[in-house]
Amino acid sequence: MPVATACANIALVKYWGKRDTKLNLPAAGSLSVTLDALRTWTSIELDPAAASDAMVLDGRQREGKELSRASKFLDLIRPAGAPRARIVTRSAFPTAAGLASSASGFAALAVAGSAAYGGTSEPRALSVLARRGSGSAARSIFGGFARWDAGVRDDGTDSCARPLEGVTLELAAAIAVARAGEKEIGSTDGMEATRETSPYHAAWLAQVDRDLATCEAALRGKDWDALAGVVEGSCLAMHANAMAARPGILYFRAPTLWAIERVRALRKAGTPVMFTVDAGPHVVAFTPPAHLEAVAKALGEHPEVDRVITSTIGGPASLIERFPS
Ligand code: DP6
């Protein structure tokens, strides 16, 4: 029974907008770092007696939308007439909190599913496959820093991530998990509504290409100031674009703004640190490992920050011997 593990990733240059919603083809590239603490494990057992797939996620049997999304994904891999699957999946972090769980989830499912059904084990092909489950999952096939090229082909075969070879910047992350209910609008719907209604969308897409070049150069040059400029710029531009949709999409909550100000105050006082925020209220602060403890402590001081998860850079998605106990 194949068991796979994959880490979620956080984008330094964001993906926000598709050119093809069915194939999850992005309108622009993106660049991310994989985080070790945001890890998912997934096993797949083929069950010749079962009439349909089954899924246990974080200890609970799932039906409905969650199961059907996983099942449709496995349909991309399994040969006609192949047995149904029993999927068991678990994450080391709260999946309902909107912490990029679809990225680690679909990367792990791509690796375990391909192994179970005799599919590919080639990373580029796995990245193309994982992308079909969730766009950002394309980047979680690789460890460290990964760049996802938008690609130009209609069939999406050239739209996959690649590792940024030779980038050795040591970076760690502190994630301020904000107290909040379920998010109002998920990233899939949020980016589509933005594409359809935001007057800023074309400007956003034009900026992404410039940001990708700036970000890659800053990473290679270990230039923390330039990196902070582009990472925070990409995050705020993505959110500005979403906020300008009609009706506006606002992921920030009170602790989000508080944490952003906190990160900027720390930087002003001399700590190399920068923030980013995905489609939710949580703030991710990137800093060199030597500053991680102090940054995490500072972010935990807000009463509505439930916990701060700290992480180093994660490795690639892979097959492992067994589920961790
Ligand atoms: C804000 O990959 O979750 O995290 O392709 O529709 O599944 P789908 O979207 P998803 O979007 C991620 C959006 C983001 C930015 C990023 O990770 O680049």
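Quick rundown of the values:
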| item | result |
| --- | --- |
| Any chance ASP154 is modelled with pLDDT of 95 or more, farther than 22 Å from ARG39 by Cβ and of a type outside the set (A, V, I, L, M, F, W, C) | yes |
| Residues satisfying the stated conditions in region 194-229, i.e. within 16 Å of the ligand (Cβ to nearest atom) and either outside any helix (DSSP H, G or I) or small (Gly, Ala, Ser) (or both) | SER198, TYR200 |
| Index of the failed condition, MET191 passing every other in (1) out of contact with any strand residue (DSSP E or B) (no Cβ under 6 Å at 6 or more places or on another chain); (2) not in a helix (DSSP H, G or I) | (2) |
| Residue in region 62-81 that is over 30 Å from LEU205 (Cβ atoms), touching a helix residue (DSSP H, G or I) at 6+ places or on another chain (Cβ under 9 Å), surrounded by fewer than 22 Cβ atoms within 10 Å (Cβ to Cβ) and among the small types (Gly, Ala, Ser) present | no |
| Condition met for LYS14 (of a type in the set (D, E, K, R), within 13 Å of the ligand (Cβ to nearest atom) and surrounded by fewer than 18 Cβ atoms within 10 Å (Cβ to Cβ)) | no |
| Selected residue (only one of ARG90, ARG62 is charged (D, E, K, R), closer than 30 Å to ASP306 by Cβ and touching a Leu at 6+ places or on another chain (Cβ under 8 Å)) | ARG90 |
| Residue selected from region 264-286 under the condition in a helix (DSSP H, G or I) and out of contact with any helix residue (DSSP H, G or I) (no Cβ under 8 Å at 6 or more places or on another chain), by the criterion surrounded by the fewest Cβ atoms within 10 Å (Cβ to Cβ) | LYS268 |
| All helices (runs of 4 or more DSSP H) inside region 62-162 with 3 or more residues being closer than 21 Å to THR188 by Cβ and away from the ligand (no atom under 16 Å from the Cβ) | 64-75 |
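The values are calculated or read from the model by the stated rules, or taken from the named source; none is laboratory data. Because the structure is predicted, anything quoted here is derived from the model rather than measured. Ideal geometry is used to build each Cβ from the backbone, glycine not excepted, and the neighbour counts take in all protein chains shown.
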